[in-house]
Amino acid sequence: LNEALRSEIIQRNRTEEELSRNRDQLEALVQKRTAEGSLASTRLLEEMAARDVSEGLRRQGEAYFRTLIENSSDLVTVLDSAGNILFENPAIEKLLGYRREELIGMNVFAYLHPDDRPAAQDALGKIIAVPGGIASIEVRVQHKNGSWRIFDAIGKSIIDESRTVRLVINSRDNTD
């Protein structure tokens, strides 16, 4: 009986030692994983802060360029690849008498002198064919009162975030 009890005590001590070792290893593993999680959280917070700063700078840049475009005395027009007007800056009203809202969705070629349309369509095709392509042209554009104004226009194709081709046209009144 004593031998059986002694053997049981020895086995119990071994089991307790093994449990203690396992508990220590588990505690070390938990501490390591906690430190890794803390480091990952810190990195994530740093990345989020950097993204917030970047987003703020992007918004400031957009606001800056929007102010420039909105206050330009030249026409700034954005077209889709078919020549439909997506955007006009406020200078359109002063230079051609149209309100911006009147032109959105209209095709730009409807406002060009019929003799200038083929060259304008050719220039449009060239800048669409090459991403970032640029073309310049002189065109006559009809004022709302029916008269014709002469504009020097330069266009560039851009690809927006949805991978759609847009054309940005900057036009200066050269009538006089």
Filter region 81-107 down to residues that are of a type outside the set (A, V, I, L, M), touching a residue at least 24 places away in the same chain (Cβ under 8 Å) and within 12 Å of ILE169 (Cβ to Cβ), then give me how many there are. 1
When you scan region 57-68, do you find a residue that is in contact with a helix residue (DSSP H, G or I) (Cβ under 9 Å, 6 or more places away or on another chain), without any contact (Cβ under 8 Å) to a residue 40 or more places away in the chain and either open to solvent by 30 Å² or more (accessible area, probe 1.4 Å) or farther than 29 Å from ASP176 by Cβ (or both), even just one? no
Exactly one condition in (1) under 17 Å from SER147 (Cα atoms); (2) open to solvent by 70 Å² or more (accessible area, probe 1.4 Å); (3) out of contact with any helix residue (DSSP H, G or I) (no Cβ under 7 Å at 6 or more places or on another chain) is not met by HIS113; state its number. (2)
Looking only at region 81-97, how many residues end up being in contact with a Leu (Cβ under 8 Å, 6 or more places away or on another chain) and open to solvent by 30 Å² or more (accessible area, probe 1.4 Å)? 2
Given (1) part of a loop (DSSP other than H, G, I, E, B); (2) open to solvent by 60 Å² or more (accessible area, probe 1.4 Å), where does GLY132 come up short, assuming only one miss? (2)
Looking at region 159-176 only, could you name the residues that are surrounded by fewer than 14 Cβ atoms within 10 Å (Cβ to Cβ) and either touching a Lys or Arg at 6+ places or on another chain (Cβ under 8 Å) or within 15 Å of ALA91 (Cα to Cα) (or both)? ILE159, ASP160, ASN174, THR175
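The values are calculated or read from the model by the stated rules, or taken from the named source; none is laboratory data. All values reported here derive from a predicted model rather than from experimental measurement. Virtual Cβ from ideal backbone geometry, glycine too; neighbours counted across all protein chains shown. Side chains are part of the model used for accessible areas, which takes the heavy atoms of the whole protein and leaves out ligands, DNA and RNA. Shrake-Rupley method; radii C 1.70, N 1.55, O 1.52, S 1.80 Å.
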